[in-house]
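The values are calculated or read from the model by the stated rules, or taken from the named source; none is laboratory data. These figures come from a predicted structure and were not determined experimentally. Here the Cβ positions follow ideal geometry from the backbone for every residue, glycine too, while neighbour counts run over all protein chains shown. For accessibility, only protein heavy atoms count, side chains too; no ligands or nucleic acids. Shrake-Rupley method; radii C 1.70, N 1.55, O 1.52, S 1.80 Å.
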Amino acid sequence: MAHRANARGRSPVHRTRRSRSSPGRAVIWLAAITALGGLLFGYDTGVVSGALLFLKNDFPHISALQKELVTSFLLAGAAVGAIGAGRVSDRIGRQRTILVTAALFLAGVLSAAFSPSFLVLLAAQVVIGLGVGSASMVVPMYIGEAAPPQFRGALVSFNQLALSTGILVSYLVDYALSGTGNWRLMFGLACLPAAALFLGMLFQPESPAWLIAHGRLADAQRVLRRLRPPDAVEGELAGMLRSTQRQDARARELLRPSLRPALLLGLLLAVFQQITGINTVIYYAPTLLNNAGLGSSAALLANVANGIVNVGMTIVAIRLLDRVGRRALLITGTCGMATALLTIALIFLASGPHLSTPAALAAVAALVVYIGSFAIGLGPVFWLLISEIYPVRVRASAMSAAAAANWGANFLVTISFLTLLNAITNAGTFFMFAFLTAVALIYFWRRVPETTGLQLDDISADTARRRPTAALVPAQASAGREPRHAAGR
Ligand code: BGC
C-alpha cells in the first residue's frame, strides 16, 4: 500500500520495499573505491593545520600572511576545481574525471612534499585544491548515479564517511609526526590513497546515467547488468531513457524558471552547511580550547575526540539515511547543532574568555554534540541531496555550482573566524552561529523535500516540474515505476 506524506513531507518516511537485502558487491566496491576521493578531500583539508606549524623548519622567514595563503590557496583551488569538474565530467564522463582528479591529487601532494621553494608549495596547494574541489562534486555524483535507489543514501554517504575519516587520519598523522616536524611527509602520505584511487578507478565503469545522456544505450545496459540484479536492469534503463527524453535541459538552462527552485535549494544548503560553523570547529577547536585555558595536549585530545565522534556519527547516518529519510536526519541534526552552539555561547557568556575546568569540560561536551549532530545531518545530507535533486543533463553544472558555493562560503567563514572572535568575543561569535543555524533549520523545515527510495530520474523530473518543497512518496523499489506525489500545498 502506498502511504501519503503531507505536503511538506513531515510524516514518517516509509521504507522502500527492497528487491534485495544488499546493493551487491560490484556497487559497494565502486562506492568504496570512489570514496577514496572523499578520503583525500578530508585528509588534504585537515593536514594543513598541523603542517603549518613546521613550515618554518624549511622557510625560516615565513610570515603569518604566508601561512594564511597556504590554507586559502587550497580553498580557492577547490572552488575552481568544483566549477571545472562539472564541465569536464559532462564532456569526458564521470569515471574519467575521477581519474583526472586522482592524477591532480598525486601531482599536488608530491609537489608539496618535494617543494624546493615557498612558491612551489603555494602552486602545489592550488593543484591539491583543484583535486579536492573536483572530488567534492564528482564523487557523490558518480556514486549517486551508479547506486540502486533504495541504497543510494548509504552509498553516497560513504563519501562523507571517508571524508571525516580523512580528517581524523590527518589529525593523527600530524600528531604522530609532530615530534620530527616532518611537514613534507604529512603532505606526501596522501599519495598512497591518490594512487589507490587512480588504479581502482581504471577498473570502474562509466556512469550509466551519463552513458544514456550521451546516447550510448548498449554501454549503459552493459554497465547496469554489472551493477544490478538481472530483473532490475530493463526497468531502470527505461526510466533513465524516459528522463533524458523529457529533460532536454542544458547547462545554460540552469536558470530556467522550472529549475530555479532546485538550483536555489542546492546553493542555500551549500552555504548553510558552512555558515553554521563546522569548519571553525574542524580547523580551530584546539586553538579555541587552548586560548580558553585548556592545556595543549588536552586540547589536541579533545580534537581527536571530535574527529572520532564525526566518523562514528557518520556511520550512524549511513545506517539511517535510507530508513528514516534525509529530512528527519537533517532536521534532528540541525536542532542538535543549534542547541550545542547556544550552549557554547552561554558558557562563554557566563565565564568570559577564560573557562574554569568544569566550564571547559562542558564546552568540550557541547562541541562533541555539535560535531555529532552535523555528522548525522547536514554533513552527509547536503552532499547527498545535491546528487539527487537535479536532472541528469544539468546535474554536473548544478552540483558544481553548489560545491563551489560551499567552498566559497568555507573560505569566507574560515578567514573571518579569528577576526570575529576578537571583534565580537567568543560568546558573540557562537551566538551568531546559533542564530544562523536556527535560520537554516527553519529553511530546511520549509523547503527540503524527501527523496528517500526514489529513482533519481523521478526526483529530478519532479524538481524540474514543480517546487522542491513538495513531498514525494517513495516509489517502490521496482524500476521504472512512476512516483506518486503528495497532494499539492
Ligand atoms: C563539509 C566540510 C567539512 C566536513 C567535516 C563536509 O560535509 O563539506 O566542509 O569539513 O564535512 O566532516
*Would you mention how many residues in the range 103-161 are away from the ligand (no atom under 16 Å from the Cβ), under 16 Å from SER400 (Cα atoms) and open to solvent by less than 10 Å² (accessible area, probe 1.4 Å)?*
2
_Filter the range 311-366 down to the residues that are over 17 Å from the mean Cα position of the chain (by Cα) and of a type in the set (S, T, N, Q) and list them by number._
THR332, THR339, THR343, SER351, SER356, THR357
_Single unsatisfied condition, LEU224 versus (1) touching a residue at least 40 places away in the same chain (Cβ under 8 Å); (2) buried (at least 16 other Cβ atoms within 10 Å of the Cβ)_ = (1)
_Single condition ALA196 does not satisfy, out of (1) under 17 Å from ILE98 (Cβ atoms); (2) buried (at least 24 other Cβ atoms within 10 Å of the Cβ)_ = (2)
*Within the range 27-53, restricting attention to residues that are modelled with pLDDT under 95 and small (Gly, Ala, Ser), which residue is surrounded by the fewest Cβ atoms within 10 Å (Cβ to Cβ)?*
SER49
_Every residue in the range 72-114 that is hydroxyl-bearing (Ser, Thr, Tyr) and free of Cβ contacts under 8 Å to residues at least 60 places away in the same chain, please._
THR97, SER111
*Starting from the range 41-68, keep only residues that are β-branched (Val, Ile, Thr), then list their pairs with residues that are away from the ligand (no atom under 16 Å from the Cβ) and open to solvent by 70 Å² or more (accessible area, probe 1.4 Å) whose Cβ atoms are within a distance under 9 Å, requiring at least 6 positions of separation or different chains.*
ILE62/LYS56
*For the range 38-53, how many residues are away from the ligand (no atom under 11 Å from the Cβ), under 14 Å from ASN159 (Cβ atoms) and of a type outside the set (Phe, Trp, Tyr)?*
2
*Among (1) crowded, with 21+ Cβ neighbours inside 10 Å; (2) at pLDDT 95 or above, where does ASP219 come up short?*
(1)
_Need a quick list: helices (runs of 4 or more DSSP H) entirely within the range 100-198 having at least 3 residues that are under 25 Å from PHE374 (Cβ atoms) and at pLDDT below 95._
158-177
_Tell me whether the range 393-410 contains one or more residues that are modelled with pLDDT under 95 and more than 18 Å from the chain's Cα centre (by Cα)._
yes
*Within the range 69-102, track down each residue that is basic (Lys, Arg), open to solvent by 50 Å² or more (accessible area, probe 1.4 Å) and within 21 Å of the chain's Cα centre (by Cα).*
ARG87, ARG96
*asked:* So the check is Cβ under 9 Å with 6+ separation or different chains; which pairs have a first residue in the range 369-382 that's at pLDDT 95 or above and a second one that's among the aromatic types (Phe, Trp, Tyr) and open to solvent by 10 Å² or more (accessible area, probe 1.4 Å)?
replied: LEU378/PHE272; PHE382/PHE272
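Does the range 224-232 contain any residue that is in contact with an Asp or Glu (Cβ under 7 Å, 6 or more places away or on another chain) and part of a helix (DSSP H, G or I)? Explain how you work it out, then say what you get.
Narrowing the range 224-232 to residues in contact with an Asp or Glu (Cβ under 7 Å, 6 or more places away or on another chain): 224, 228.
Cutting the leftovers down to part of a helix (DSSP H, G or I) gives us 224.
Checking the range 224-232: at least one residue is in contact with an Asp or Glu (Cβ under 7 Å, 6 or more places away or on another chain) and part of a helix (DSSP H, G or I).
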*Could you figure out which of (1) hydrophobic (A, V, I, L, M, F, W, C); (2) farther than 21 Å from GLY336 by Cα; (3) surrounded by fewer than 22 Cβ atoms within 10 Å (Cβ to Cβ) isn't true of MET432?*
(2)
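Going residue by residue through the range 166-177, is there one that turns out to be within 11 Å of TYR43 (Cβ to Cβ), out of contact with any Leu (no Cβ under 7 Å at 6 or more places or on another chain) and of a type in the set (D, E, K, R)?
Yes.
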